[in-house]
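The values are calculated or read from the model by the stated rules, or taken from the named source; none is laboratory data. What you are looking at is a predicted structure, and each value in this text was computed from that prediction instead of being measured. Cβ sites come from the backbone with ideal geometry, for glycine too, and all protein chains shown count toward neighbours.
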Amino acid sequence: MRFSSMYIPTLKETPAEAEVVSHKLLLRAGMIRKLTAGLYTYLPMGLRVLRKIASIVREEMDRAGFQEVLLPIVQPGDLWQETGRWEHYGKELLRFKDRNDRDYCLGPTHEEVMTDLVRGEVRSYRQLPLRLYQLHTKFRDEIRPRFGLMRGREFIMKDAYSYDADLKGAETSYQLMYEAYQRIFTRLGVQFRAVEADTGSIGGNFSHEFMVLAAAGEDTIAYCDHCSYAANVERAEVVHNAQIVHETCPAYVECPTPNMHTVHDIAKLLNVSETQVIKTMLLLVDAKPIAVLVRGDHEVNLVKVQHLLHANSVELAPAEVVEKVTQAPLGFAGPVHLQNVPIYADYALQGSTDYVTGANAKDLHLQHVDLERDVNITAYADVRNITSEDPCPRCGGKMMLTRGIEVGHIFMLGEKYSSPMQATFLNEAGTSSNMLMGCYGIGISRVMAACIEQLHDDQGIIFPPSIAPFTCVLLNLDASNPTVTEQVEQIYKILQDLGVEVLLDDRDERPGVKFKDADLLGIPLQLALGKKSLAKGIVECKARHGSKVELPLADFATAFQDYQKQVIDNWTASIKPAVG
Ligand code: ATP
Ligand code: MG
């Protein structure tokens, strides 16, 4: 392909709308453009990358014995009524009506539609297992679409579904996907980690997320430095080992705390440790307010609260609710005399007494609060995020925290969908049973962003060779010089004959512009030819992530093949996937 005839609108300036590196670089490299919030168009270079990711995923899904199908994006509301998700999925589900006033939605995921297909066809255990997948557009009306391809509203997902006759079969399906995902992310050339995860709105028995390790990740991963335990902090259990004390503390007193809003400020003013300050969080659980108490240095975990209370939704209460419940402005909520709301306290608070809390009055806190004596606690529970000070829940080792981008998620669903949708089959004994199901997603478009988050430099993208839009970019440094151009064209032909995916930068631009664009685009190998190199009888070569070499013009084909092999082998060897 020739640069001059391709639509690659690179930008010198970083567009103001982009917050994270991958979004900036994808825009600057002319790979994507925004249509409106959360909706992106893929331009030719971006689409090449997307297709490469997709084809690795397809190859490994096929290899694992899953068969590709293609389901509609528009889904009838009736199916979602059957599983109860029409009510429970929330606003991410974009619903609409057709001309006959029937309910429809845009598929955010396809458990219902796939199960509908299977229940209509499969009658006998002999037809199981059935393992299907698709690569398709999904739509989720995300509350905060952001970071470009990382959290779009429309995005591309590989979603797979398995139907098995028994638990052993379901476990095999899950394991097949776990191993396929390991191969996929290894081949994609990124550092990743599989972690135990919460099952979220998809539900089910257990699940693993595959995380690309990157600072810009929206997820925090907790892993043990001693054993193989790794989990999303949403899920990581906190060992409940606080020693319950029976000390008495003095009666509580009111302390003025004008303009003090943070735990840090209050602890400093009152000369106590942050662990002695209680944060009182007002939450809406299925639209009803509750209070959750955590230690000043801890963070409340909404997912754990949701599981604790078997709720459909949990969110931070908006200011007006906090003010109504506490009768005080934001920032002064406290559990003493807090009326009409259940109060849940984190286990860590059971271990001590003599706390500082908000006083439910402007500019006022209470000191010397004893939860047993002064507060009507509904229950103590694990309602916080694990920290690096907590022990590993499996082996007691040291926990480490790191950031990750969730690129894949596998779920063991059991009968969650087959039971309400009556996806049954006749087993060997001739009795009817529910199929056991699993579902397995990979965010194809998110992978593209995640790879860039993990690997880039000041100059631009550094694509792993397996997903780069081209393997090689060939720069004509003197496009107006016929001798140079003739030689470049010869090299171009040699590369094409070798089957190398090569982009020829034949534009009438200065060398500086060409080198800059080549770096920005992240193509693994850069070859450059100009008057000087021609005189020396060489082609200048640079690996995007490494060193420069000179290859002889004479017998270029052999020299190039050796060089390419070396660079690409080194690349693969330099990636050591962190596997949990
Ligand atoms: P998240 O917690 O990031 O919202 P999720 O748990 O909702 O993800 P799943 O329902 O498991 O995601 O979807 C499968 C995969 O689809 C995810 O692992 C992720 O890679 C991708 N994905 C999910 N939501 C988006 C989105 N809004 N934009 C791009 N990719 C997404
Ligand atoms: Mg989501």
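Couple of notes before you dig in:
Table: residues versus (1) charged (D, E, K, R); (2) part of a strand (DSSP E or B); (3) more than 26 Å from residue 55 (Cα to Cα).
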{"position": "465", "(1), (2), (3)": "no, no, no"}
{"position": "470", "(1), (2), (3)": "no, no, no"}
{"position": "480", "(1), (2), (3)": "no, no, yes"}
{"position": "492", "(1), (2), (3)": "no, no, no"}
{"position": "500", "(1), (2), (3)": "no, no, no"}
{"position": "503", "(1), (2), (3)": "no, yes, no"}
{"position": "507", "(1), (2), (3)": "yes, no, yes"}
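- Per the listing 84, 30, the residue uniquely small (Gly, Ala, Ser) and under 30 Å from residue 173 (Cβ atoms) is 84.
- Exactly one residue among 109, 115 is under 27 Å from residue 425 (Cβ atoms), hydroxyl-bearing (Ser, Thr, Tyr) and touching a helix residue (DSSP H, G or I) at 6+ places or on another chain (Cβ under 7 Å), and that residue is 109.
- Condition check for residue 93 on (1) within 24 Å of the chain's Cα centre (by Cα); (2) surrounded by 14 or more Cβ atoms within 10 Å (Cβ to Cβ); (3) closer than 30 Å to residue 504 by Cα: one failure, at (3).
- Residue 236 vs. criteria closer than 30 Å to residue 353 by Cβ, more than 15 Å from ligand 1 (Cβ to nearest atom) and of a type in the set (Gly, Ala, Ser): yes
- Residues that are assigned to a strand (DSSP E or B) and within 10 Å of ligand 1 (Cβ to nearest atom) were ranked within region 127-157; the one that is nearest to residue 429 (Cα to Cα) is 157.
- Taking the listed residues 238, 272, the one that is modelled with pLDDT of 90 or more and either buried (at least 21 other Cβ atoms within 10 Å of the Cβ) or in contact with an Asp or Glu (Cβ under 6 Å, 6 or more places away or on another chain) (or both) is 238, with no other qualifying.
- Considering the conditions (1) outside any loop (DSSP other than H, G, I, E, B); (2) buried (at least 16 other Cβ atoms within 10 Å of the Cβ), residue 4 is excluded by exactly one of them, (2).
- Enumeration of residues in region 444-490 that are more than 28 Å from residue 185 (Cα to Cα), crowded, with 23+ Cβ neighbours inside 10 Å and of a type in the set (A, V, I, L, M, F, W, C): 474, 475, 488
- Selected residue (criterion: modelled with the lowest pLDDT) from residues of region 352-376 that are farther than 18 Å from residue 342 by Cα and among the small types (Gly, Ala, Ser): 352
- Candidate set: region 132-176, residues that are among the aromatic types (Phe, Trp, Tyr) and more than 14 Å from ligand 2 (Cβ to nearest atom); chosen: the one farthest from residue 209 (Cα to Cα): 163
- Restricting 160, 170, 180 to those that are farther than 28 Å from residue 457 by Cβ, within 16 Å of ligand 1 (Cβ to nearest atom) and not in a strand (DSSP E or B) reduces the list to 180.
- Of all residues in region 413-451, those that are more than 16 Å from ligand 2 (Cβ to nearest atom), part of a strand (DSSP E or B) and of a type in the set (Gly, Ala, Ser) total 4.
- Picking from residues in region 381-408 that are of a type in the set (D, E, K, R) and in a loop (DSSP other than H, G, I, E, B), the one that is surrounded by the fewest Cβ atoms within 10 Å (Cβ to Cβ) is 389.
- When residues of region 198-235 are limited to those that are of a type in the set (Phe, Trp, Tyr) and closer than 21 Å to residue 184 by Cβ, the one modelled with the highest pLDDT: 210
- Residue match in region 217-232 (condition: within 13 Å of ligand 1 (Cβ to nearest atom) and among the small types (Gly, Ala, Ser)): yes
- Lone unmet requirement of (1) at pLDDT 95 or above; (2) exposed (fewer than 14 other Cβ atoms within 10 Å of the Cβ) for residue 517: (2)
- Residue match in region 183-191 (condition: more than 16 Å from ligand 2 (Cβ to nearest atom), part of a strand (DSSP E or B), of a type outside the set (A, V, I, L, M) and crowded, with 19+ Cβ neighbours inside 10 Å): no
- Scan region 339-377 for residues that are surrounded by fewer than 21 Cβ atoms within 10 Å (Cβ to Cβ) and small (Gly, Ala, Ser) and the total you get is 3.
- For region 547-577, the set of residues classified as modelled with pLDDT of 90 or more and among the charged types (D, E, K, R) consists of 548, 550, 555, 562, 565, listed by residue number.
- Any hit, region 238-245, residues being farther than 30 Å from residue 199 by Cα and in contact with a strand residue (DSSP E or B) (Cβ under 8 Å, 6 or more places away or on another chain): no
- Cross-chain or 6+ apart pairs with Cβ under 9 Å, region 471-500 first and of a type in the set (Asp, Glu), then in a helix (DSSP H, G or I): 478/484; 478/485; 478/488; 478/511; 478/531; 478/534; 497/557
- From the list 43, 35, 47, 27, the lone residue that is loosely packed, with under 13 Cβ neighbours inside 10 Å, within 24 Å of the chain's Cα centre (by Cα) and modelled with pLDDT of 95 or more is 35.
- Residues of region 83-117 that are away from ligand 1 (no atom under 16 Å from the Cβ) and under 25 Å from residue 314 (Cβ atoms): 84, 86, 87, 95.
- Residue identified as under 30 Å from residue 128 (Cβ atoms) and either out of contact with any Ser or Thr (no Cβ under 9 Å at 6 or more places or on another chain) or basic (Lys, Arg) (or both) among 438, 443: 443
- Highlighted here are the strands (runs of 3 or more DSSP E) found entirely within region 21-126 that include at least 1 residues which are more than 23 Å from residue 445 (Cα to Cα): 74-76, 95-97, 103-106.
- Strands (runs of 3 or more DSSP E) contained in region 245-307 and holding at least 2 residues closer than 23 Å to residue 321 by Cβ and touching a residue at least 40 places away in the same chain (Cβ under 8 Å): 278-285, 288-295
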